[in-house]
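Following: one structure in structure tokens, then a few remarks.
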Amino acid sequence: MSFKVRHLDIIPYKDKFLITDPLGISKKMLITREYLLLLSLLDGKNSVQDIKTMFLRNTGIILSDLEILNFVQEMDKNYILYNDNFIKRVELERKKILSIPYKEIKFEFDAEKIKREIENCDGPGEEDIKAVILPHIDINIGFETYVKTFSCIKNLNKKIFFIFGVPHFYAEHYFSIFPKNYKVKENIIKIHPEILEKIKNELNFDIFSDVLAYKNEHSIEFPIIFLSSIKRDFYIIPSLVSKSEPLLLKNLAKNIFEVINPIREEILLISSIDLSHVGKKFGDEKKFNTREIDMKYIEYLKNMENEKAFDFVESRNNFTKIDGIYTNFVFLEILKLMGAKKGILLDYKVYYEEVTDSTVSYAGLIFK
């Protein structure tokens with residue numbers, strides 16, 4: 001008999017740990033170091049006896065079979081374990097999402113402030129901008145970078161915004177599209193159903209099956225918030241790109257380009273990514289400076305060298321945990337097919353979170 005814990009977020013909090021569920025299914029838990037150890041031993045391989053032995057070795061505490069099984073039962077009630085109980089709940093959540101007329105964005109923001117700040121910010125010129133890279137860090141943290149980047153496209157005559165995000169929580173396929181409209185305050189932001197259907201027909205898997213990945217996905221929702229504040233009468237294509245081989249990603253980019261090419265002048269591509277994630281919050285002993293790595297990666301992006309950017313990060317085992325390397329690979333591959341020649345760096349910043357001694361870097365770029 002063995003039990004497997006599923007993917008969860010773990011945040012150090014004083015002398016304890018806050019366990020949160022990216023999918024929003026399980027309730028939050030504040031647990032001790034000993035309980036975290038016990039949770040980590042539920043790896044799908046360890047038997048009850050294995051767990052008892054390893055727990056004793058690490059803590060000096062002897063647990064009975066009943067104590068371990070009671071712990072497992074409580075975790076199962078909260079859908080912490082990857083088993084039939086969790087899979088049934090996931091399917092229920094998926095059906096709920098597909099039954100709703102729109103996905104409501106509940107993040108609190110000041111639309112008037114966003115609009116005002118973008119209107120008052122002068123960009124470097126909007127001639128022939130084909131795409132942007134944005135952060136997806138909390139809006140309140142990355143506000144200046146968001147504003148600088150969106151100020152460059154505020155007057156662009158684009159009607160369709162193809163958003164490429166990063167699945168932080170859940171993904172069955174390396175690419176997906178969310179087939180529902182969004183609601184931002186009182187505004188309904190519409191998807192472009194014809195383009196979605198054409199892309200679906202180009203690929204050999206169901207690109208709409210990963211709807212649960214969009215449940216709390218800020219890499220999609222934050223760009224929509226800004227677009228809704230400065231644009232009217234536009235469409236979105238909300239998509240996520242996750243880990244895959246470069247050849248598959250190249251073919252994906254080619255398939256998408258073939259669909260959008262006839263109307264490419266109406267489309268702006270958006271890659272919603274952050275850069276390095278280091279420190280205790282992300283599994284490191286301590287934070288360290290990632291600027292050199294970030295800037296080298298950004299240089300490859302600016303030069304439209306997606307394969308070199310990908311190899312640069314992968315050859316170093318992505319030790320600074322840049323997210324969006326697969327997203328950017330597809331994004332740049334499509335841009336090259338669209339005739340883009342270069343990227344321009346608008347802003348680069350590093351956010352430091354003192355409570356976890358961790359940093360996240362992010363940037364804004366435009367492509368012409």
Quick calc: nm separation of the 7 Å Cα→Cβ label points for Glu112 and Glu34 -> 5.4 nm
Once Gln49 and Asp9 are pulled to full extension, the length gained, defined as 0.36 nm per residue separation minus their Cα-Cα distance, is 11.7 nm
Most packed first (mean Cβ within 10 Å per residue), the peptides 306-314, 13-21 order as 306-314, 13-21
The range 246-282 and the range 1-71 have their Cα centres apart by a whole-number Å value of 37 Å
Given the candidates Pro101, Pro12, Leu247, the one whose Cα lies deepest towards the positive end of the charge dipole of the chain, counting +1 at each Lys or Arg C-beta and -1 at each Asp or Glu C-beta, is Pro101
The correct pair for the chain, radius of gyration to one decimal and Dmax as a whole number, both in Å and from Cα atoms, is 21.8, 69
Once both label points are put 7 Å beyond Cα along the C-beta direction, the Asp206-Ile141 separation in nm becomes 3.5 nm
Quick calc, Glu314 & Lys254: beta-carbon distance into FRET formula, R0 25 Å, rounding 0.05, result 0.75
For the range 103-367, whose charge dipole is built from +1 on Lys and Arg Cβ atoms and -1 on Asp and Glu Cβ atoms, the candidate among Asn140, Ile195, Thr320 with its Cα farthest towards the positive end is Ile195
Percent relative contact order for the chain, counting Cα pairs under 8 Å at least six residues apart, stands at 19 percent
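None of the figures in this text is laboratory data; all of them are computed from the coordinates on show. Predicted, not measured: the structure shown is a model, and the values here were computed from it. Quick reminder, even Gly has a Cβ in these numbers, built from the backbone with ideal geometry, and neighbours come from all protein chains shown.
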